[in-house]
Amino acid sequence: MATVNKPVDVVIVGFGWTGAIMAMELAQTGLSVLALERGKDQDTVPDFAYPKVVDEIAQSARNGLLQNLSQTTVTIRHDKNDRALPYRQIGSFKPGTGVGGAGIHWSGVHSRVMPDELRMKSRVIERYGEKFIPPDMQLQDWGITYDELEPHFDRFEYTCGTSGKAGNIMGKIIEGGNPFEGPRSREYPLPPLIDPPTSVLFAKATKELGYKPFALPASNASRPYKNPYGCQLGPCNFCGFCSDYGCINYSKASPQTTILPALYRMPNFSYRTECHVLKVNTDSTGKKATGVTYVDAKGAEFEQPASIVVLAAFHLHNVRLMMTSKIGQIYNPDTGEGTVGRNFCYQMIDSVNLFFDNKTYINQFMGAGGVGQEIEEYMADNFDHGPENFIGGGVIWGRQTGNGPVRGIPVPKGTPTWGSGWKQAVKENFLHTGRIEAQLSNMAYKGCFLDLDPTYKDVYGTPMLRMTLNWQDNDLRMSEFFGKKLDAIGKAMGATSMSGRVLKRGDSWDTRAYQSTHINGGTAMGADPKTSVVNKYLQSWDVSNLFVLGANVFAHGIGYNPTGLVGALAYWAAANIRSTYLKNPGPMVPV
Amino acid sequence: MSRMRNGLLGLSALVVVGVVAVAAVALHKPEPQISDALAQRKPDVTRGAYVAVLGDCVACHTSKDGKPFAGGVPFETPVGTVYSSNITPDKDTGIGTYTFPDFVRLMRFGVTPSGGRVYPAMPYTAYAKVSDEDLQDLFAYMQHGVTAENAPSRKDGMTWPLSMRWPLALWNIAFHDDSRFVPDVPKDTAWNRGAYLVQGLTHCGTCHTPRGIALQEKDVNGTSNLFLSGSVLDGSSPINLRGNIGDGLGRWSVGDIAEVLKTGVNIHSAIAGPMAEVVEHSTQYMSDDDVKAVAIYLKTLPPAPDEGRATFAASDATIKTVLAGKETSPGGRMFMDSCAACHRESGKGETLAFPKLAGNPSVLSADPSSLIAIILNGARLPSTAGAPTGLAMPPFGWRYGDADVAQLASFVRASWGNGASAVTADEVSKVRARVEPSRAKAQPLAASTDRVTAGAGSR
């Protein structure tokens, strides 16, 4: 029997970015707010203290900050006719855990969304006609516009102290910024970071090729910054340990550096760690959430009553909780019915290492997760897709994130894989190697989805989430297109040789190797309850006092890193709960 | 023979007279005078709560995870451990049976209603300066604004003869000045308010004024330039608050001082160590006028005598050496590895985020205990409404030995224009012995520890 805890107004499942944002915004109204976190408590000191945290074996090789797959994992298959097997070692994507969630180990790349991407289906039909959409592609609009989200993108950037250069302020195009971006209400809170050598070369080469490069927006602070909550960031020192690591320096925006210190001062907020939520409880009608049931570290079960339930866990856990709580109908790829698990998407990355002569210093011993220059000529629908025959797009960037021996030091093609020949190549190339990448959208397909595995259960006895996903021809054609662009840019940068990985038709998703980690979709947002799980306010169509946050609400994959959009959507949902839902609880969009 | 006997008798008589005199002193219970006007005055509990904040009563009388004002906080003094008492209005274990004169007697003379003596760790030496009205409001708050807790006092860990309290009566005769604060009429209201607070309620001198042979503060009235000129206390070195350019506040403005008291950080420095608790519990809640008054008063204190004190004259010699790749001293190399990421090669830190080391009074204080303690143990800034983050520096004591820390601290004290004496491994060793046991005590998330119920789900 579960012990029943004292009720709270709001229970939040998961205490990463979205949980922290929602907790702060709702605690400010005076509601009692409780966050339940499955992982451990952690903070800059002592958990990310220099030098212990910059341990490539502990973090990059052994994934110290990520979900413990021996407790709970997913099963994976490429196709619905395959047998799914449990994922036993993290490689391709990176589910965070612990206080701060994936907001601890992210890189800091902080983009918004291209206005067109939120209405890609409408846009494609308008420009190319409905027949341009491949029959197996489940393209759908998101039910929300960029303009509605703009104030919330702005808020999240000002929370994070994002470093960047605006390209469009209220319709006025600003030289040096992103000429393609949707209009923003004001400049970034901080100026761009200093360009490292890779980015300098990238900017010069792309400019010569006729592109308009600009600084990648980064939530790695370029200056000391105090955010509207009063939280203080210090400037990044380019130590090169962002992705996979907690920031030693209060420089990378995370819940810990931007929200939690102010949140912890509020007496109506509390949180509990090592509490794994099993399900959202509903009343006899199934239309109202009554709270959640969770298991603590000792295995004791608790019921936490609440008036509002917010799912703010990592993508995979949010989707599975909807399924195990039997809220909504699980997607069936054969009939097309059901919405939970539908439109599960990923992202693709094509990555090319550039080797320069020994007079060109790149200095990969330094870098920052979000520092770089990028171009967006081939993002979203910024170019004519007609002749290329694919839907989607992405960014091309020259980032410099830092390299190290355990993370892997690239060497030119033909280098021996071990021994003195390899050592010699490392020695010759380490200071002279750069990298450019294309990060690409991954569209939604009928055959790519999530459901519950019929065979495998986790340590809590809950069925594992089953992923069915593989690359589709539309996306691989896009990757081939980007491969050619990368090749031209690499040559223009003066690389003496190049090696890397560009996905081509016939390639399958390799779950072992790192590529963009950004899985999304599965509880899509939208205007139609037949194809979406939550409405535009991220409110469950089925249970109106349940809100679902995270990249799982994306209607399909986007080219950008998702954190900027995920954070803005959390602020948007919170603002609407405050302005509308609390005054009149119930469905905010009539069904 | 008779002369001898007479002599002995005389000596005995003297001893008896002496004992009687001492006993008379020891048993003497001062009777505070309560004027009619004061007796007629209606005390203000709300104001009293603010007086308690100014006096930072909670810091010493509330133990970690304990009930407010229930006492039990240990104080490691050079002569043994003293525990603070329960000052809630509980009738058995607190001050619930106190009358106002009892309260005044304790606050001004350190004498309890039964005639017992409290150790001057309780700063009655400063509270003697506090006005009748403030004491009356404070008493009203302690009696009516605080929840009674039954919590018996802990036995002190002092050994005989220091465990005997009656000699404190003699100490009082020799060292205690029980006079009220007297305004300096030609000076303005703000200055006088500042002087009143600093010398009285906020008892700055308790930590910042050097102490004499009997542990008495060398000046409690601000009449000499020893007042607030820096001290050494419990593994830290409270800084010189006077106008010295090097180790004092000579380069700080009134606004800088007010800001650091309000938020824990300003453009010059940041507060860590024992003072962080003072900011967290007390000064951040002071009214803007009071904080400014304190700053105005401090800024009028002329420099303490310079001999033995550090100098500071901003210099770019160090950064030039570093950028030329010529900083090869062990201390300099440790600094580049472990410190420069935040404090920067320039020693200038980053405004409001990472404290400056160049010209920082805590770095430059004659006694380097604070600097050593911070290197060994790390530090956390206070979390305040104005600066909630409470930025923390990690500890390095696990990584660097005494000689290493001495070299590192010496480098910091001699770079960027800092002109403070070198630090020895022996000094590090002494501070390590004091501060490292406390490393075992968790120093996490000051504001949230009580909210984390790791896996318990019971709170």
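The values are calculated or read from the model by the stated rules, or taken from the named source; none is laboratory data. All values reported here derive from a predicted model rather than from experimental measurement. With ideal geometry, Cβ positions are generated from the backbone for all residues, glycine too; neighbour counts draw on all protein chains shown. The area values use the complete protein model at the heavy-atom level, side chains included, leaving out ligands, DNA and RNA. Shrake-Rupley method; radii C 1.70, N 1.55, O 1.52, S 1.80 Å.
What to note about this one:
- Subset of the stretch B:373-383 [within 22 Å of B:Ala425 (Cα to Cα), touching a residue at least 60 places away in the same chain (Cβ under 8 Å) and more than 10 Å from chain A (Cβ to nearest Cβ)]: B:Ala373, B:Ile374, B:Leu376, B:Asn377
- Residues in the stretch B:121-145 that are in contact with a Ser or Thr (Cβ under 9 Å, 6 or more places away or on another chain), open to solvent by 20 Å² or more (accessible area, probe 1.4 Å) and not in a helix (DSSP H, G or I): B:Ala121, B:Met122, B:Gly145.
- For the stretch A:396-413, the criterion of being more than 31 Å from the chain's Cα centre (by Cα) and open to solvent by 70 Å² or more (accessible area, probe 1.4 Å) is satisfied by at least one residue.
- Count of residues meeting criterion [in a loop (DSSP other than H, G, I, E, B) and buried (at least 22 other Cβ atoms within 10 Å of the Cβ)] in the stretch B:370-387: 5
- If you go through the stretch B:89-103 and keep only what is out of contact with any helix residue (DSSP H, G or I) (no Cβ under 7 Å at 6 or more places or on another chain) and part of a helix (DSSP H, G or I), you end up with B:Pro101, B:Asp102.
- For the stretch A:391-450, the set of residues classified as assigned to a helix (DSSP H, G or I) and not polar (S, T, N, Q) consists of A:Gly419, A:Gly421, A:Trp422, A:Lys423, A:Ala425, A:Val426, A:Lys427, A:Glu428, A:Phe430, A:Leu431, A:His432, listed by residue number.
- Within the stretch A:1-43, the residues that satisfy the criterion of being within 14 Å of another protein chain (Cβ to nearest Cβ), part of a loop (DSSP other than H, G, I, E, B) and within 25 Å of the chain's Cα centre (by Cα) are A:Phe15, A:Glu37, A:Arg38, A:Gly39, A:Lys40, A:Asp41, A:Gln42, A:Asp43.
- Among the helices (runs of 4 or more DSSP H) confined to the stretch B:277-369, the ones with at least 2 residues that are within 14 Å of another protein chain (Cβ to nearest Cβ) and open to solvent by 50 Å² or more (accessible area, probe 1.4 Å) are located at B:330-338.
- If you go through the stretch A:538-563 and keep only what is more than 19 Å from the chain's Cα centre (by Cα) and either open to solvent by less than 10 Å² (accessible area, probe 1.4 Å) or of a type in the set (Phe, Trp, Tyr) (or both), you end up with A:Gln539, A:Ser540, A:Trp541, A:Val543, A:Asn545, A:Leu546.
- Residue match in the stretch B:318-326 (condition: at pLDDT below 95, within 19 Å of A:Phe48 (Cα to Cα) and assigned by TED's automatic domain parsing to the domain that holds B:Ala270): no
- Hits in the stretch A:446-468 (condition: of a type in the set (A, V, I, L, M, F, W, C), farther than 14 Å from A:Met137 by Cβ and surrounded by 16 or more Cβ atoms within 10 Å (Cβ to Cβ)): A:Leu450, A:Leu452, A:Met464, A:Leu465, A:Met467
- Of all residues in the stretch B:405-417, none are within 14 Å of another protein chain (Cβ to nearest Cβ) and not polar (S, T, N, Q).
- If you go through the stretch A:255-275 and keep only what is open to solvent by less than 10 Å² (accessible area, probe 1.4 Å) and in a loop (DSSP other than H, G, I, E, B), you end up with A:Ile259, A:Thr273, A:Cys275.
- Yes/no for B:Asp426 being more than 25 Å from A:Asn249 (Cβ to Cβ) and open to solvent by 40 Å² or more (accessible area, probe 1.4 Å): yes
- Check on B:Leu170, in contact (Cβ under 8 Å) with a residue 60 or more places away in the chain and either touching a Leu at 6+ places or on another chain (Cβ under 8 Å) or assigned to a loop (DSSP other than H, G, I, E, B) (or both): no
- Residue match in the stretch A:440-448 (condition: within 30 Å of A:Thr360 (Cβ to Cβ) and in contact with a strand residue (DSSP E or B) (Cβ under 9 Å, 6 or more places away or on another chain)): yes
- Here the stretch A:133-153 is the region considered, the condition is being open to solvent by less than 40 Å² (accessible area, probe 1.4 Å) and assigned to a helix (DSSP H, G or I), and the residue that is nearest to A:Asp475 (Cα to Cα) is A:Tyr146.
- Some residue of the stretch A:276-286 being more than 9 Å from chain B (Cβ to nearest Cβ), in contact (Cβ under 8 Å) with a residue 40 or more places away in the chain and part of a loop (DSSP other than H, G, I, E, B): yes
Quick grid of which residues meet (1) at pLDDT below 95; (2) in a helix (DSSP H, G or I); (3) under 22 Å from A:His152 (Cβ atoms):
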| position | (1), (2), (3) |
| --- | --- |
| A:Phe180 | no, no, yes |
| A:Thr198 | no, yes, no |
| A:Leu201 | no, yes, no |
| A:Lys204 | no, yes, no |
| A:Lys207 | no, yes, no |
| A:Gly210 | no, no, no |
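- If you go through the stretch A:200-241 and keep only what is within 11 Å of chain B (Cβ to nearest Cβ) and charged (D, E, K, R), you end up with A:Arg223, A:Lys226.
- Test: residue in the stretch A:47-60 that is crowded, with 19+ Cβ neighbours inside 10 Å, under 23 Å from the mean Cα position of the chain (by Cα), of a type in the set (Phe, Trp, Tyr) and within 14 Å of chain B (Cβ to nearest Cβ): yes
- For the residues B:Arg117, B:Arg105, the requirement of being in the same structural domain as B:Leu54 (by TED's automatic domain parsing), within 24 Å of B:Pro32 (Cβ to Cβ) and in contact with a Gly (Cβ under 7 Å, 6 or more places away or on another chain) singles out B:Arg117.
- Failed condition for B:Leu391, given (1) in contact (Cβ under 8 Å) with a residue 12 or more places away in the chain; (2) away from every other protein chain (no Cβ under 14 Å): (2)
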